Amino acid sequence: MSLHTKTIEELHELLVNKELTVVELVEATFDYMETVEQAVGAFISIDKENALAAAKLVDERGVDPENVLDGIPVAVKDNIVTMDQKTTAASKMLEDFVSVYDATVVEKLKEAGMIIVGKANLDEFAMGGTTETSKLQTTKNPWDTSRVPGGSSGGSAAAVAAGMVPASLGTDTGGSIRQPAAYTNLVGLKPTYGTVSRYGAIAFASSLDQVGPLTRTVKDNAILLNTLSGKDLKDDTSAGLEIDFTGAIGEDIAGLKVGMPKEFFDEEVVDEDVLTVVKEAVKQLEALEAEIVEVSLPHLKYGVPAYYAIASAEASSNLQRFDGVRYGYSHQEANTLEELYVKSRSEGFGPEVKRRIVLGGIALGIDHYDELYGQATKVRTIIRNEFEKALEEVDVLVGPSTTSIAPEMGQKDADDPVDAYRGDILTVPVNLAGIPSLSIPAGFSEGLPVGMQLIGNYFEEATLYKVGHAYEQATDHHKQYPTLEGGANE
């Protein structure tokens, strides 16, 4: 039985009907990983022993017919702490770190009966958009292994796209779920800030970070969000939600207003082939009788510099805890405390992390605070207000998830980081505003996936799922799979 293209719902049906045991499913997962993981490199570590033990426990008590996630394999991004496995953040700084507790989202996965099979690769400390800044693994795009899978959640996306697991967790600070979802033909959600607890997710930029799911279908994504969301007393920024995010799935979208921000369709910003695919996708929404309305977000172009000032400032502050004293990499031949700090951090962090720490230090410095960090927070407020105004006029906003298809590995030159940062123009404004955004498969260009993002009002993920599911049912893009040697192609 071929399992690598099954959705969560399909696997649940097989388990409930006893056509498959959880142990058999998990064994098949690891067997398949052996055939494709070497080509893809999605995982920093796998945990076969604990996964099979957990699977056996589920079989012994019986799969819960009412719990769609019970016994389903899942991957977790390696900046989300787990007691059973190392949490490295893809950095030399944490290459041997084992947490003494589980992140709240990990606890919730385990409570739901999901089987964590491994920790997925990422850009070091989630800083990057290609997963090439990882110090521990090289992850390739399953659709074309000469190309990047996106980032920073590139390992999480590649694991699902390659068919190794039906779902994974990523984190999104400036597009790190949506961009790799777009590059690998997946559904990826950046929830409203506060929807999901951040407790146990290694902080990059605390006011921007959110944990979210990557899946093959919209409904699978919503099912997973139902489990992940909710108030956490260990995270004061988490919201007390009682929302069924699957509740509107299957409803008609006739009459629903879809806004097209003209800045998202700027030919000087977005590649022509991507625009062509997304415009066709918008026509499909129109064919489903949604009302298409043009709107404007005039300050969108200032989102990238504002984002990098704020994110780097928060990263500079958050990463001060990695000092070589309490945990993480520690230089062994330092003669003074200051030398220990300097050598541990110099050797433990990679170039991109150092770059952002320095940029953050400058932004927070007394000489530049007002002109950099202060101005950035003002721009953030303006962008948030513009989104709020636009979403008073329409139900959702729509646009490309990325400015291009997945680039070739090494194409984003580390010597010109500013050029790489510009590629985030379509995703970072959503994080600045704190609103939700869902990337869904929209079609293909040059045989590579193109994603379309749906943006909604605060805690309106159910509306995004409603629109995304309606589009998904009218197309078959999400049913296309990459061809890998020994792997998925049907």
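The values are calculated or read from the model by the stated rules, or taken from the named source; none is laboratory data. Because the structure is a prediction, the values reported are computed rather than measured. Ideal geometry is used to build each Cβ from the backbone, glycine not excepted, and the neighbour counts take in all protein chains shown. Only protein heavy atoms, including side chains, enter the accessible area calculation; ligands, DNA and RNA are left aside. Shrake-Rupley method; radii C 1.70, N 1.55, O 1.52, S 1.80 Å.
Tabulated values for the structure
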{"item": "Close pairs from the stretch 161-176: first within 22 Å of ASN431 (Cβ to Cβ) and among the acidic types (Asp, Glu), partner modelled with pLDDT of 95 or more and part of a strand (DSSP E or B), Cβ under 7 Å, at least 6 apart", "result": "ASP172/LYS190; ASP172/GLN210; ASP172/GLY212"}
{"item": "Among (1) closer than 20 Å to ALA474 by Cβ; (2) open to solvent by less than 10 Å² (accessible area, probe 1.4 Å), the one test that ARG216 misses", "result": "(2)"}
{"item": "Filter pass, SER296 being more than 24 Å from the chain's Cα centre (by Cα) and of a type in the set (Gly, Ala, Ser)", "result": "yes"}
{"item": "Qualifying residue in the stretch 120-132 (condition: surrounded by fewer than 24 Cβ atoms within 10 Å (Cβ to Cβ) and either within 25 Å of ILE425 (Cβ to Cβ) or in contact with a Phe, Trp or Tyr (Cβ under 9 Å, 6 or more places away or on another chain) (or both))", "result": "yes"}
{"item": "Of all residues making up the stretch 288-338, the number that are touching a residue at least 24 places away in the same chain (Cβ under 8 Å), part of a loop (DSSP other than H, G, I, E, B) and open to solvent by 30 Å² or more (accessible area, probe 1.4 Å)", "result": "8"}
{"item": "Selected residue (criterion: most open to solvent (accessible area, probe 1.4 Å)) from residues of the stretch 396-410 that are modelled with pLDDT of 95 or more and of a type in the set (Gly, Ala, Ser)", "result": "SER404"}
{"item": "Flag for VAL258 being in contact (Cβ under 8 Å) with a residue 12 or more places away in the chain and open to solvent by less than 10 Å² (accessible area, probe 1.4 Å)", "result": "yes"}
{"item": "Residue match in the stretch 220-232 (condition: surrounded by fewer than 16 Cβ atoms within 10 Å (Cβ to Cβ) and of a type outside the set (S, T, N, Q))", "result": "yes"}
{"item": "Unmet criterion (only one of (1) within 13 Å of the chain's Cα centre (by Cα); (2) outside any loop (DSSP other than H, G, I, E, B)) for GLY150", "result": "(2)"}
{"item": "Subset of the stretch 339-372 [among the hydrophobic types (A, V, I, L, M, F, W, C), over 19 Å from ALA311 (Cβ atoms) and open to solvent by 60 Å² or more (accessible area, probe 1.4 Å)]", "result": "VAL342, ILE366"}
{"item": "Residue among ILE440, ILE435, ILE425 that alone is outside any helix (DSSP H, G or I) and open to solvent by 10 Å² or more (accessible area, probe 1.4 Å)", "result": "ILE425"}
{"item": "The stretch 460-480 residues that are of a type in the set (Val, Ile, Thr), paired with ones that are open to solvent by 20 Å² or more (accessible area, probe 1.4 Å) and not in a loop (DSSP other than H, G, I, E, B) (beta carbon under 8 Å, 6 or more apart)", "result": "THR475/GLN284"}
{"item": "Only one of VAL342, VAL282 that is of a type in the set (A, V, I, L, M), free of Cβ contacts under 8 Å to residues at least 12 places away in the same chain and assigned to a helix (DSSP H, G or I)", "result": "VAL342"}
{"item": "Every residue from the stretch 84-96 that is of a type outside the set (Ser, Thr, Tyr), part of a loop (DSSP other than H, G, I, E, B) and in contact with a Ser or Thr (Cβ under 6 Å, 6 or more places away or on another chain)", "result": "GLN85, ALA90, GLU95"}
{"item": "Residue list for the stretch 239-255, restricted to those being out of contact with any helix residue (DSSP H, G or I) (no Cβ under 8 Å at 6 or more places or on another chain) and open to solvent by 50 Å² or more (accessible area, probe 1.4 Å)", "result": "GLY240, GLU242, GLY255"}
{"item": "Subset of the stretch 97-110 that is hydrophobic (A, V, I, L, M, F, W, C) and either over 17 Å from the mean Cα position of the chain (by Cα) or not in a helix (DSSP H, G or I) (or both) - its residue that is farthest from VAL342 (Cα to Cα)", "result": "ALA103"}
{"item": "Candidates VAL105, VAL63, VAL76 - the one that is β-branched (Val, Ile, Thr) and open to solvent by 10 Å² or more (accessible area, probe 1.4 Å)", "result": "VAL63"}
{"item": "Wholly within the stretch 164-219, strands (runs of 3 or more DSSP E) carrying at least 1 residues that are under 17 Å from ILE440 (Cβ atoms) and more than 10 Å from the chain's Cα centre (by Cα)", "result": "167-172, 210-215"}
{"item": "The stretch 38-54, subset assigned to a helix (DSSP H, G or I) and under 21 Å from GLY150 (Cα atoms), residue most open to solvent (accessible area, probe 1.4 Å)", "result": "GLN38"}
